[in-house]
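Take a look at the structure below.
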Amino acid sequence: MIWLCVICLVFVTFSLKLLLSHINQMHSRSPDFRLLCGIDGCIEEYRVYNSFYHHVKRRHSKHLLQSTSPGDGNHANERPQEGSQQPLQEQDLTTQATAFVINARAKHRLSQRGMNDIVAGVQQYQSSLVSNLRSQIEQVLKKHSENTSGHLQKEVMDVFDSFVDPFTSVTTTFRQNSVMRKQLSILDADEIPIS
C-alpha cells in the first residue's frame, strides 16, 4: 500500500511506520496540528501526535506489521490493472522510481530544477550500469558458449535490450506532476464564484 501524508500532500511511502515518523518529525510540533486518522475509513481526529500514534498502534496495528518493500506483491497499488500492457516488474520499477522522486523532492526540499538534474544523473548512471552488466553477461555467455544454446544467449541479451527506464515517467516537471496526480489522485483546485 502506498501511504500519503495528508498534511503536506507531498511525502509518499510504502510504509506506515515511515509515514508516522514523517508526521512526527515534520508536522507534530505545529501549534495547529490536527489530523484525521483516515486509515480504513477511521474518523478519529487528533490534535496531539502521541495520541494519534497510540491510536494507530491499538486500532490499526495490522498495517504496521505489513511488509513494506515495494514489489513483494502485497501492495494493491502495485498490481497491474486489467488491460495494462506493462509487465508487473516494469510497473514495480516505475512505482519505485516515482516514490524515489517524490520522497527525495519532499525530504530534501529540492527545487524542481534540482530534482530534474538528479533524475537525469540517475538515468545516466542506470544506463551505464545496464550496459556494463550486459557486456559482462555477454562475455560469460561467450566463455561458456559450448554449454549454452544460441536461443538462451539471445533470450538473455534480449532482456537487456528490452530494459525500460523506469524514470522516463518522471523525467520532466510535467511528467512528475502528472504521475503524482494519477497515482495519488490529486485534484486541481477550482475557483468557484459565490454569488
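The values are calculated or read from the model by the stated rules, or taken from the named source; none is laboratory data. The model shown is predicted, which means the values in this text are computed figures rather than measured ones. As a convention, Cβ positions derive from the backbone with ideal geometry for all residues, glycine included, and neighbour counts pool all protein chains shown.
See the values below:
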| quantity | calculated |
| --- | --- |
| Pairs with Cβ under 8 Å, 6+ apart, first in region 8-24 and on the phi > 0 side of the Ramachandran plot, second crowded, with 17+ Cβ neighbours inside 10 Å and at pLDDT 90 or above | none |
| Qualifying positions in region 111-158 - assigned to a helix (DSSP H, G or I), over 30 Å from THR173 (Cβ atoms) and among the β-branched types (Val, Ile, Thr) | ILE137, VAL140, VAL156 |
| From the options ASP165, ASP117, residue that is surrounded by 14 or more Cβ atoms within 10 Å (Cβ to Cβ) and within 30 Å of VAL10 (Cβ to Cβ) | ASP165 |
| Region 19-30: number of residues that are surrounded by fewer than 16 Cβ atoms within 10 Å (Cβ to Cβ) and either in the same structural domain as ALA104 (by TED's automatic domain parsing) or out of contact with any helix residue (DSSP H, G or I) (no Cβ under 9 Å at 6 or more places or on another chain) (or both) | 3 |
| Among (1) in contact (Cβ under 8 Å) with a residue 12 or more places away in the chain; (2) in a loop (DSSP other than H, G, I, E, B) - the single one SER30 does not satisfy | (1) |
| Check on LEU129, in the same structural domain as ASN177 (by TED's automatic domain parsing), loosely packed, with under 11 Cβ neighbours inside 10 Å and at pLDDT 85 or above | yes |
